[in-house]
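Every number in this text was worked out from the coordinates using simple rules, so none of it is lab data. A quick note: this is a predicted structure, and the numbers were derived from the prediction, not measured. Heads up, the Cβs are rebuilt from the backbone with ideal geometry, glycines too, and the neighbour counts pull from every protein chain shown.
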Ligand code: AMP
Ligand code: MG
């Protein structure tokens, strides 16, 4: 691959022609970066193991750190997950599309490389119009970790994506800066009560309102790095998640301060 195709699209009304170009790349096993409401993701057909392997290679991502699988409709969840608990259905109705990733037992159609050999799969429906258009036009579930080289900060603009991945991926859908810049909350539904493995754009408090009881995994609130075997969400072992956790803590502290300032 020599040059990365930059497809500029409107974030509210994405040009269907350009979405079709990007969808065709995904369908033939290529790599496309696209905006979500959190950060830019790097997408590959989640059920095509060769495509997912090339995604790991382009990002230089360790093979033991599985990406989140993005879906454009609820039916896909029933294909990817072995079982969909009632609690999950309640959460999907309340928070999807949005920054909440749900961990399910995986079904046999999901290749092992997509889930780093785990028996679970991480799934979410993004809220961004461009992401949804790409998902629906391609008709695929799309595995998409953040579109940066492993260990670097997650990108919130197409320029950031190109700084790391120009020439390493087929295309980027450039719809300007993303809104939240904080990644999705990762919630494990294979345990009872459900457990937050990574804090993010959907807060603990709001999840508790819907679920009643939610646990925070120790690694999600740790102030220092925990031993590897304690990190249930594999990506949390890797260094840059420390930065994300600090960013999240900063948001938790600074948002109420801003609110006080704005309302006083
Ligand atoms: P990112 O690489 O920024 O897209 O983040 C994906 C996050 O989801 C990482 O923290 C992964 O470890 C986590 N993740 C993906 N699949 C699973 C899974 N099956 N079980 C637990 N965590 C997962
Ligand atoms: Mg990442």
Relative contact order for region 1-91, counting Cα pairs under 8 Å that sit 6 or more residues apart, in percent: 13
Packing-based exposure ordering (other Cβ within 10 Å, fewest first) of 9, 130, 214: 214, 9, 130
Semi-axis lengths (Å, descending) of the ellipsoid that matches the C-alpha gyration tensor of region 71-115: 19, 11, 9
For region 1-73 versus region 76-91, the gap between their alpha-carbon centres in whole angstrom: 23
Interatomic Cα distance distribution for region 24-114, bins of 10 angstrom, percent: 15, 46, 34, 5
Area projected by the alpha carbon convex hull of region 90-192, averaged over all directions, nm²: 7.8
Debye intensity ratio in log₁₀ form over the Cα atoms of region 158-220, taken at each q of 0.13, 0.24, 0.26, 0.27 Å⁻¹: -0.53, -0.92, -1.03, -1.10
Convex hull per residue volume in Å³, alpha carbons only, for region 62-142: 90
Share of pairwise Cα separations in region 1-66, more than 15 Å, in percent: 57
Taking the convex hull of Cα positions in region 1-155, its mean projected area over all directions (nm²): 8.6
